[in-house]
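What follows is a set of notes on a single structure, which appears directly below.
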Amino acid sequence: MVGYSTSFKKMASIFTGSIIVIAFSVWFGFKNSDYIEYFIDDLKNNNDIGAIALGSSSIINLPLEHFENCSNFLNRGFGGGTLDKIFTYLNLQSLSRSVKLVIVYAGENDIVYGEDVDQVISQFDQLAERLSSEFDQAHIVIIKVKLAPSRSEYHLQFKALNTELEALAKHPRVIVVGSKLSKKVIPKYYLNDGVHLNSNGYRVFLDKVPKEC
């Protein structure tokens with residue numbers, strides 16, 4: 001009976017949570033169903049999460065084999081993802097504080113969509129502070145912006161942003177990492193669109209990102 005009761009409570013929690021997030025979606029006009037999908041999945045996996053990755057489509061396509069030593073890796077990437085989308089997700093999530101690793105890749109789309117470097121850094125600073133507080137057992141890894149070949153008009157801003165990102169290491173347990181993709185334009189590591197990485201590109205992109213939780 002105890003097992004049945006526990007299972008029933010968990011299902012009731014998932015159902016209730018689903019209703020809440022759907023209501024939020026309608027109220028705020030969320031068109032991205034990822035919020036709903038992620039919220040429900042978070043409720044189901046809440047007590048056994050090793051790592052979570054937050055960010056844009058560069059996060060969506062992360063190769064999971066890089067994190068094979070990290071149990072229950074949650075991918076919370078958004079197509080066209082920005083820092084605002086990460087904050088919206090964090091406002092809805094109900095994850096355990098016992099998460100051991102948080103990976104963030106953002107800022108690239110923010111610049112492309114018209115934010116200036118100071119605005120993006122201000123948001124990153126708020127994000128680092130929030131993640132340090134909410135996941136107080138986690139290492140928080142922020143990946144510097146890659147110099148995508150098709151976004152050459154933004155490269156000066158990307159480089160300036162990458163320089164400013166280093167200051168985020170002042171926050172508890174925050175690590176800022178880069179790769180040669182954040183320093184040079186190397187087309188062979190990208191898909192034909194010149195924005196998204198191919199499999200070899202991900203090996204370089206993740207070179208300094210921890211493989212274990």
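No value in this document is a laboratory result; all are computed from the given coordinates. Just so it is clear, the model here is predicted, and its values are computed rather than measured. Glycine gets a Cβ as well: all are built from the backbone with ideal geometry, and neighbour counts include every protein chain shown.
Could you please let me know if Arg130 is closer than 26 Å to Asp48 by Cβ and of a type in the set (Lys, Arg)? When the stated conditions are applied, Arg130 passes them.
Take the conditions touching a residue at least 12 places away in the same chain (Cβ under 8 Å), touching a helix residue (DSSP H, G or I) at 6+ places or on another chain (Cβ under 7 Å) and over 22 Å from Asn192 (Cα atoms) and apply them to Phe73. Does it pass? Criteria met by Phe73. Close contacts from segment 151-163, counting a first residue that is over 14 Å from Glu115 (Cα atoms) and a second that is assigned to a helix (DSSP H, G or I), with Cβ to Cβ under 6 Å and a gap of 6+ residues or different chains, come to Asn162/Ser182. Scan segment 69-89 for residues that are more than 23 Å from Lys100 (Cβ to Cβ) and touching a strand residue (DSSP E or B) at 6+ places or on another chain (Cβ under 6 Å) and the total you get is 0. Summed over segment 104-129, the residues that are in a loop (DSSP other than H, G, I, E, B), at negative phi and of a type outside the set (D, E, K, R) give a count of 2.
Scan segment 190-213 for residues that are more than 16 Å from His139 (Cβ to Cβ), surrounded by fewer than 16 Cβ atoms within 10 Å (Cβ to Cβ) and not aliphatic (A, V, I, L, M) and the total you get is 8. For segment 101-159, taking the residues that are closer than 21 Å to Ile60 by Cα and basic (Lys, Arg), the one that is surrounded by the fewest Cβ atoms within 10 Å (Cβ to Cβ) is identified as Arg151. Scanning segment 181-209 for residues that are in contact with a Phe, Trp or Tyr (Cβ under 9 Å, 6 or more places away or on another chain) and either of a type outside the set (A, V, I, L, M) or assigned to a helix (DSSP H, G or I) (or both) returns Leu181, Ser182, Tyr189, His196, Asn198, Asn200, Gly201, Tyr202, Arg203, Val204, Phe205. For segment 83-103, the condition holds for no residue, the condition being that it is free of Cβ contacts under 8 Å to residues at least 12 places away in the same chain, closer than 21 Å to Val177 by Cβ and not in a loop (DSSP other than H, G, I, E, B). Being crowded, with 22+ Cβ neighbours inside 10 Å and over 21 Å from Lys211 (Cα atoms), is that true of even one residue in segment 58-77? No, segment 58-77 contains no residue that is crowded, with 22+ Cβ neighbours inside 10 Å and over 21 Å from Lys211 (Cα atoms). The set of residues in segment 130-179 that are part of a helix (DSSP H, G or I) and polar (S, T, N, Q) comprises Ser132, Ser133, Ser150, Ser152, Gln157, Asn162, Thr163.
For Asn162, the conditions (1) surrounded by 18 or more Cβ atoms within 10 Å (Cβ to Cβ); (2) out of contact with any helix residue (DSSP H, G or I) (no Cβ under 7 Å at 6 or more places or on another chain); (3) not β-branched (Val, Ile, Thr) all hold with the exception of (2). Every condition in (1) of a type outside the set (Val, Ile, Thr); (2) in a helix (DSSP H, G or I); (3) over 13 Å from Val145 (Cβ atoms); (4) in contact (Cβ under 8 Å) with a residue 40 or more places away in the chain holds for Glu65 except the one numbered (4).
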